[in-house]
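Scroll down for the structure; my scribbles are underneath it.
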Amino acid sequence: MDVDKIQVTDISVEFIGAQEAFMLTQCYRARIAYEYEGAAEELKLFVKKTPPMPQEIFDAVSFKALFSNEILAYEKIIPNLEAFAGINFNTARFYFGHLQGNAAIVITEDFGSKGWQIAKARYNLSLDHTLLAMKYLARLHAAGFALLHKDKQAFQALTKDLQESRYGSDDIHYRWALTLRYGLERAVKSAKDFQRNVPQEFLEKLQHLLMKPMPYGRKLVRPKDPFVTLCHGDYLRNNVAYKYDAGKPIDIMMFDLQTLRVSSPMLDLTIFLALSTLAEVRQKHFKDIFGTYCQQLKEGYEKFAQRPLPGFLSYESLIKEYIAFLPHSILTTSTFLLDLVAPRGLSSEEMLNAEATDEEIFEEIMFKGGELVDRELAHQVSELYDLSMEHNVDVFSV
């Protein structure tokens, strides 16, 4: 296309607010109408940028790592993984990304213009939505495992520039440290109130395990053989979109690739089930959900790697790894589910620059979302206990 022949005729921009999803960035939909060689055309874009903020907050949120990872994912990692596996992960077309100082921007196509929709339910996806998400996730993980096992050097070259976007430092912002502390307190209290089958000793050990969340998280998510593959890192309802036929989800894509990392596949699985489903779906249909993931992983791996599935990726092996990651997903749920159940209605700039007293943080983290959040946290702690007992997994030896 000869850019000198393009004549822009109209530009419109729509701000995407907190009513659609919880976001720490400012997001917009943009429409550019233009004429090219006498024909009317249009381009629909999705723009994501950091809001104005002090350098201290920019660094505390790890925006440099987040945007660097996303640009790398769109430009290199996903296209190469798709070429290796011969599949399409349905990610949006990437147009532009830039980092400078305490500001960053990424521009992709607007996937909504292609028929993709974010699920209306913020945190309680149906079984159909969940099973589709498991199949997609399994294909992503299978492609990563297959590439690593067939060509380790190629896998490492593809992923070596990914930056730690969540657990890079033990020195975290005071407000976030309080949030994690009170979230953990709420999870333990909720289990005591609603799931009295969980022994006091188990709850005390869980609280001790998670009292230093940054070292714990960093140690947990670092790549450890043999469970090493490419992970989304923040796979949940907010970061996937569906296509529908007569109201039924029939296809899925992922976006917001800022948290891409090399880790255990159970990082993605536990986060999705903890934050995108409630116990009425997750617990009731767990064998179906986990079995669907395992079967799709087997089929994908054997197709992409052209070899039998290794034993460590069996159902029984993976479920033990899943259990090991449950404390991490419980802690994440304790600080994030409340915002999905009762959205703040604040812009990203307002959230990042807000000042709150210790008492205000305590009140929000301990009570926001009400009994629904309390009961869900209690269910997740109970599921951890029951599964660890059933499969003889010591989750406190991480």
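The values are calculated or read from the model by the stated rules, or taken from the named source; none is laboratory data. Please read all numbers here as calculations on a predicted model, not as lab measurements. We place every Cβ from the backbone using ideal geometry, glycine too, and count neighbours over all the protein chains shown. These area figures cover heavy atoms from the full protein model, side chains too; ligands, DNA and RNA do not enter into them. Shrake-Rupley method; radii C 1.70, N 1.55, O 1.52, S 1.80 Å.
Residues in the stretch 159-169: is at least one without any contact (Cβ under 8 Å) to a residue 12 or more places away in the chain and assigned to a strand (DSSP E or B)?
Going through the stretch 159-169, the residues without any contact (Cβ under 8 Å) to a residue 12 or more places away in the chain turn out to be 160.
If we keep only those that are assigned to a strand (DSSP E or B) as well, we get none.
So far as the stretch 159-169 goes, no, none of its residues is without any contact (Cβ under 8 Å) to a residue 12 or more places away in the chain and assigned to a strand (DSSP E or B).
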### Message
Test of understanding: among Asp386, Asp394, Asp339, Asp374, which residue is in contact with a helix residue (DSSP H, G or I) (Cβ under 7 Å, 6 or more places away or on another chain) and among the charged types (D, E, K, R)?
### Response
Asp374
### Task
Considering (1) within 23 Å of His379 (Cα to Cα); (2) in a helix (DSSP H, G or I), say which one Asn197 fails and leave the rest.
(2)
#### Entry: Selection from the stretch 131-141 of residues that are touching a strand residue (DSSP E or B) at 6+ places or on another chain (Cβ under 8 Å) and either open to solvent by less than 30 Å² (accessible area, probe 1.4 Å) or β-branched (Val, Ile, Thr) (or both)
Ala133, Tyr136, Leu140, His141
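From the set of residues in the stretch 198-217 that are more than 22 Å from the chain's Cα centre (by Cα) and open to solvent by 70 Å² or more (accessible area, probe 1.4 Å), which is nearest to Ile172 (Cα to Cα)? Quick ask: steps written out before the conclusion?
At the first step, the residues of the stretch 198-217 found to be more than 22 Å from the chain's Cα centre (by Cα) are 198-209, 211.
Then drop every residue that is not open to solvent by 70 Å² or more (accessible area, probe 1.4 Å), which leaves 200-201, 204-205, 208, 211.
On the way: Gln200: 30, Glu201: 29, Glu204: 24, Lys205: 23, His208: 19, Met211: 14 Å.
Looking at residues that are more than 22 Å from the chain's Cα centre (by Cα) and open to solvent by 70 Å² or more (accessible area, probe 1.4 Å), I get Met211.
Could you look through the stretch 218-230, keep only residues that are outside any helix (DSSP H, G or I) and touching a residue at least 60 places away in the same chain (Cβ under 8 Å), and pick out the one that is farthest from Ser169 (Cα to Cα)? Please lay out each step first, then the result.
Start the filter on the stretch 218-230 by keeping residues that are outside any helix (DSSP H, G or I), which leaves 222-230.
With touching a residue at least 60 places away in the same chain (Cβ under 8 Å) added as a condition, the list becomes 226-230.
Details: Pro226: 26, Phe227: 24, Val228: 22, Thr229: 23, Leu230: 22 Å.
Ranking the qualifying residues of the stretch 218-230, first place goes to Pro226.
Taking helices (runs of 4 or more DSSP H) that do not extend beyond the stretch 282-398, which have at least 2 residues that are of a type in the set (Gly, Ala, Ser) and open to solvent by 10 Å² or more (accessible area, probe 1.4 Å)?
Working: elements: 286-305, 315-341, 348-353, 358-367, 370-390.
It comes to 315-341.
Can you name every residue in the stretch 76-103 that is among the hydrophobic types (A, V, I, L, M, F, W, C) and under 20 Å from the mean Cα position of the chain (by Cα)? Working first, answer last.
Residues of the stretch 76-103 that are among the hydrophobic types (A, V, I, L, M, F, W, C), as a first pass: 77-78, 81, 83-85, 87, 89, 92, 94, 96, 99, 103.
Hits for the stretch 76-103 are Ile77, Ile78, Leu81, Phe89, Ala92, Phe94.
Please go through the stretch 238-267 and pick out each residue that is among the hydrophobic types (A, V, I, L, M, F, W, C), open to solvent by 10 Å² or more (accessible area, probe 1.4 Å) and outside any strand (DSSP E or B). Give the derivation first.
Filtering the stretch 238-267 for residues among the hydrophobic types (A, V, I, L, M, F, W, C) gives 240-241, 246, 250, 252-255, 257, 260, 262, 266-267.
Keeping just the survivors that are open to solvent by 10 Å² or more (accessible area, probe 1.4 Å) gives 246, 250, 255, 262.
Result: Ala246, Phe255.
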### Message
Criterion first (free of Cβ contacts under 8 Å to residues at least 60 places away in the same chain and not charged (D, E, K, R)) does Thr357 satisfy it?
### Response
yes
### Task
Read through the list (1) touching a residue at least 40 places away in the same chain (Cβ under 8 Å); (2) open to solvent by 30 Å² or more (accessible area, probe 1.4 Å); (3) among the hydroxyl-bearing types (Ser, Thr, Tyr), then give the number of the only condition that Thr270 fails.
(2)
